[in-house]
Every structure is written in structure tokens, then in C-alpha cells.
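Reading through the C-alpha cells given below for one structure.
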Amino acid sequence: MVDLSNISVVLPSLDPDDKLIAVVNGLLEYGFTDIILVNDGSKPENLHYFETAAQNPQVHLLHHSVNRGKGAALKTAFRWFLENRPHAVGVVTVDGDNQHHPEDTRACALRMAETEKIILGVRDFDQPDVPPRSRTGNKITSWVFQVFVGMTISDTQTGLRAIPRPALEILIDIQGDRFEYETNMLLAMQERSLSFEEVKIRTVYIEENKSSHFRAVQDSWRIYKLILAHFFKYTASSLTCALADEGMYLLLTFLLHKGLSGVMLTAAAVFGARLVSSLLNFYLNRKLVFHSSGNVWTALGKYYALAVPVALLQLLATEGVYRLLHIGETLVLARSVYHILVMVVLYFISFLVQQRWVFAAKKNNQ
């Protein structure tokens, strides 16, 4: 049997049944010797399952007096691990519903110890026995993660994660007390450039996942607003800079109108306003939207290497097309609709390029 004594299992649970005992027994059978079990404020009638599990000397039981959420339970266990297991190399988190096979848990734990990377145990949602709700939800979330976060993750909701000690010391301070904490962990991995790998695991659903405490509406909203946060902030940054551009244009026009006139006045006001608003946009996107810690001059060069072609493309895609198709200024509605479509497409392209090139963290999934 492989020695797993330097890896702790973190097992949060709320209102468990017999499956919790099966999970603990399976982990012990496959060689784990340290299980940190967290009772997240379960009902009195369910407490005997924790007491039964804790009869094993390999199980250390922690309690929340009230239900605080899966994220809070994970962080309670992580803190206890960091304080009480100074020589252990990391943890592996599992769910208490017996849907993680202990052999897969061991494989993820050993891979983490070997590579010193975060290991995500990912399921195959194309299997025929996967409940339609789970298949659709996970595929949509993975797609949204890839587009709006820039991370390619096969299973964003997996509870089977092996985390080395150095990464755990970072992730323990991430916000979130419920299911959104696991999403925040993934976002932090991207922002902090924490290396990770995926390991294929069995896809097990017992009674179509009826024992899950995931709340479809509330918890989905918590998760998706985190995933889309960058895009929301990017939009707010763009609107702020658009207002700054207009205000600076008016200010420069007022200040320069005595010394310049005509085309020269307009060009100076437009150029000055665009320079100020673009620098403001660069600062806001770097600091508040994408949280980039890379070299500022390299990022600034990339930013303008994107901004100039986008401005030219906008001009060609609007005025150039108008002239080519002979769309005159009298066709106000057609011009307006087309202009909006062009701006939306270029806006989204600019977001993706800034996310994945201008302000991208170094590659974290080798």
C-alpha cells in the first residue's frame, strides 16, 4: 500500500447519512491515515454518523455549531491542517456523498505530491448516466469560464481537489463561505498563477445527485456573478473612460480655442482626450479588472498595439463599409444599427485580447 501519511483528507459534510461512513471506510481502505471531518451545523438526528466516523483514530472531527456553508467548512479544515500538520505536504478535498471513488482520491493526492501542483479530479459529462441537469449545467459553466475567465477547465464544480501546502496558504484567504468559494479558488488560481493539472476520475451520480445541498438559483447566481465579474468591471471601466474622454474633449476645446481653430482645434482636443482616457482605461483594466502584476511597460506596449488596430478596424468597418455599400447619412436607422453591431463585436474582441494577451498571467496549466 502506498504511504499517504503526509497527505490529509478534508471531508466537509452537512446532514449526512450512511454514505458518509462508506466514504470514510473507503478512504481508510485505500491507505489514507489522516481525515479531517467537518460537521457543518448538521441536525441533531444526523450527528451519530459523525460520532461513528470519529471512532476511527485516523479521523479528526471539527464542528460548526450552525450551518455556515461548504466554503466555510473547507476553510475551517484548511486552517486546522496548517496549524496542526506542519510536516504534511497538502490536502485532498472530497465530498461526503460517496460520489468520489477512493482510488481516484488517492490518484489525485499522489499526483499532487509528485508534481507539487493543484490537481483537479474531473468527470466526463458525456457519459450516458450523467443527469441532464448536471451535464448541461457543467458544460455551460465550463464554456463561460473559458470565454470570460480564460481558463480551460473540464469540471468547474468538482469537489475532488488535491492542494499542495503553499497553494493552500494562499487559497485559505479567498472570499466565500458557500459553494461560490470553490469557484473563487479557481479564479484565484488564474490570478495568482498557481499551477494545476486535471486528472480524469469516475463519473458517479447516486440517485441523480438528490443528496446535494446545491441550491440551483441562489448558488448558481453566486457562482456566475463571480465568473462574469471581470466582464462587468471591464464594462464599468469602459463607461468611465468614455465619460472621461468626452469631458476631456470639452475641457481641451475650451482651453485651446483661443490659440487654435478649425481642424487643428478639433484634432488637438480629440487626440488629447483620447490619450488621457486610454491611459485611464489601461490603469483601470490593469489594476481593477484583470489584476495584472506583470511588467507595466510591456503591458502598455501591448495595450496600444491592440488599441491602434482596433481603432483603424472600427473606421474601416463603419465608414469604409458605408462608402462601399453606398449607405448614405439619410439612412440613419441602418447606419445606427450597423454601427452598434460593429462596436459590440470589437468591444468583446478587445476584452478577450486584453484578458488573454495584454494583461494575461503567465501560463499556469502546463
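The values are calculated or read from the model by the stated rules, or taken from the named source; none is laboratory data. The structure presented is a predicted model; accordingly, all values stated were derived computationally and were not measured. When we count neighbours, we look across all protein chains shown, and the Cβ atoms used for this are built from the backbone with ideal geometry, even at glycine.
I want to confirm something. Restricting to segment 226-239 and keeping residues that are modelled with pLDDT of 90 or more and exposed (fewer than 15 other Cβ atoms within 10 Å of the Cβ), which single residue is nearest to VAL144 (Cα to Cα)? Ranking the candidates gives THR235 first.
Only one residue in THR266, THR240 is part of a helix (DSSP H, G or I), under 24 Å from ILE349 (Cα atoms) and of a type in the set (Val, Ile, Thr), so which one is that? So that I can check it myself, show each step before the final result.
On the way: THR266 fails: under 24 Å from ILE349 (Cα atoms).
Matching residue, one of THR266, THR240: THR240.
Residues that are crowded, with 19+ Cβ neighbours inside 10 Å number at least 3 in the following strands (runs of 3 or more DSSP E) confined to segment 42-124: 90-93, 118-122. Among residues of segment 139-152 that are in contact (Cβ under 8 Å) with a residue 24 or more places away in the chain, those with a Cβ under 6 angstrom from a residue that is surrounded by 17 or more Cβ atoms within 10 Å (Cβ to Cβ) and not in a helix (DSSP H, G or I), sequence gap 6+ or separate chain, pair up as THR141/THR156; PHE145/MET151; PHE145/ILE153; PHE145/THR156. The number of residues in segment 176-196 being closer than 14 Å to LEU160 by Cα and either assigned to a loop (DSSP other than H, G, I, E, B) or basic (Lys, Arg) (or both) comes to 1.
Mind listing whichever residues of segment 242-263 are exposed (fewer than 14 other Cβ atoms within 10 Å of the Cβ) and either among the acidic types (Asp, Glu) or not assigned by TED's automatic domain parsing to the domain that holds SER278 (or both)?
Kept after step one, since they are exposed (fewer than 14 other Cβ atoms within 10 Å of the Cβ), are these residues of segment 242-263: 242-243, 246-247, 250, 254-255, 257-259, 261-263.
Correct list: GLU246 only.
Note on segment 264-292: residues that are surrounded by fewer than 16 Cβ atoms within 10 Å (Cβ to Cβ) and among the aliphatic types (A, V, I, L, M) amount to 6.
Quick one: in segment 182-225, which of the residues that are more than 25 Å from ASP104 (Cα to Cα) and touching an Asp or Glu at 6+ places or on another chain (Cβ under 6 Å) is modelled with the highest pLDDT?
Narrowing segment 182-225 to residues more than 25 Å from ASP104 (Cα to Cα): 191-193, 215-225.
Now narrow it down to the ones that are touching an Asp or Glu at 6+ places or on another chain (Cβ under 6 Å): 222-223.
Details: ARG222: 67, ILE223: 71.
Only one residue fits best here, namely ILE223.
The set of residues in segment 4-33 being in contact (Cβ under 8 Å) with a residue 40 or more places away in the chain, assigned to a helix (DSSP H, G or I) and not hydrophobic (A, V, I, L, M, F, W, C) consists of LYS19, GLY26, GLU29.
If you go through segment 125-169 and keep only what is farther than 15 Å from THR183 by Cβ, modelled with pLDDT under 85 and in a loop (DSSP other than H, G, I, E, B), you end up with PHE125, ASP126, GLN127, PRO128, ASP129, VAL130, PRO131. Return the total of residues in segment 1-20 being hydrophobic (A, V, I, L, M, F, W, C) and surrounded by fewer than 17 Cβ atoms within 10 Å (Cβ to Cβ). Final tally of qualifying residues: 2. If you go through segment 74-95 one residue at a time, do you hit one that is farther than 24 Å from SER195 by Cα, at pLDDT below 95 and not polar (S, T, N, Q)? So far as segment 74-95 goes, no, none of its residues is farther than 24 Å from SER195 by Cα, at pLDDT below 95 and not polar (S, T, N, Q).
Could you check, for segment 315-325, whether at least one of its residues is exposed (fewer than 14 other Cβ atoms within 10 Å of the Cβ), of a type outside the set (S, T, N, Q) and modelled with pLDDT of 85 or more? No, segment 315-325 contains no residue that is exposed (fewer than 14 other Cβ atoms within 10 Å of the Cβ), of a type outside the set (S, T, N, Q) and modelled with pLDDT of 85 or more.
Assess whether VAL149 counts as being farther than 30 Å from LEU28 by Cβ, β-branched (Val, Ile, Thr) and surrounded by fewer than 22 Cβ atoms within 10 Å (Cβ to Cβ). Full working, then the answer.
On the way: farther than 30 Å from LEU28 by Cβ: yes; β-branched (Val, Ile, Thr): yes; surrounded by fewer than 22 Cβ atoms within 10 Å (Cβ to Cβ): no.
Criteria not met by VAL149.
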